[in-house]
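Below: one structure, written as structure tokens.
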Amino acid sequence: MISSDGQARILMFAVSAGWRRRGFGRQIMDAFVQRCAMRGLRRIELEVRISNEEAIRFYKRYGFDIAAVLPKFYTDGEDGFKMVKHL
């Protein structure tokens, strides 16, 4: 999603468990980051559950940093992290 202020926001990013570790997520993220850069966007944001360590590691490999803790962000009451990547 691209907001009116020219930032990209990932609303949902998932690879089914049986298809993980095969490079699909990497290919999708590579293409997304490249297209954002080509459009002149300077920032990508996303939210992730604090318990989702695998996803957090994946995003960190792409240069996303934890920018904030989002208390009780998810409907089950779990906290989230806001993660940001500057292009």
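Read-outs: derived from the displayed coordinates by stated rules, not from any lab. All of these numbers come straight from a predicted model, not from anything done at the bench. Cβ coordinates were reconstructed from backbone atoms using ideal geometry, including for glycine residues, and neighbour counts include every protein chain displayed.
Using only helices, what value at 222 nm comes out for the chain when you add -39,500 (n - 2.57) per DSSP H run of length 4 or more and divide by the total residues, to the nearest 500 deg cm²/dmol?
One gets -8500 deg cm²/dmol as the mean residue ellipticity at 222 nm.
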Mind sorting out which of (1) -0.65, -1.14, -1.26; (2) -0.58, -1.30, -1.40; (3) -0.79, -1.18, -1.22 is the real log10 I(q)/I(0) by the Debye sum over Cα atoms at q = 0.15, 0.24, 0.26 Å⁻¹ computed from the coordinates?
(2)
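Taking 8 Å as the Cα distance limit and 6 or more residues as the minimum spacing, I'd like the relative contact order of the chain as a percentage.
Dividing the mean separation by the residue count of the chain yields 28 percent.
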Report the local net charge at R39: Lys and Arg +1, Asp and Glu -1, summed over other residues whose C-beta lies under 14 Å from its C-beta.
+3
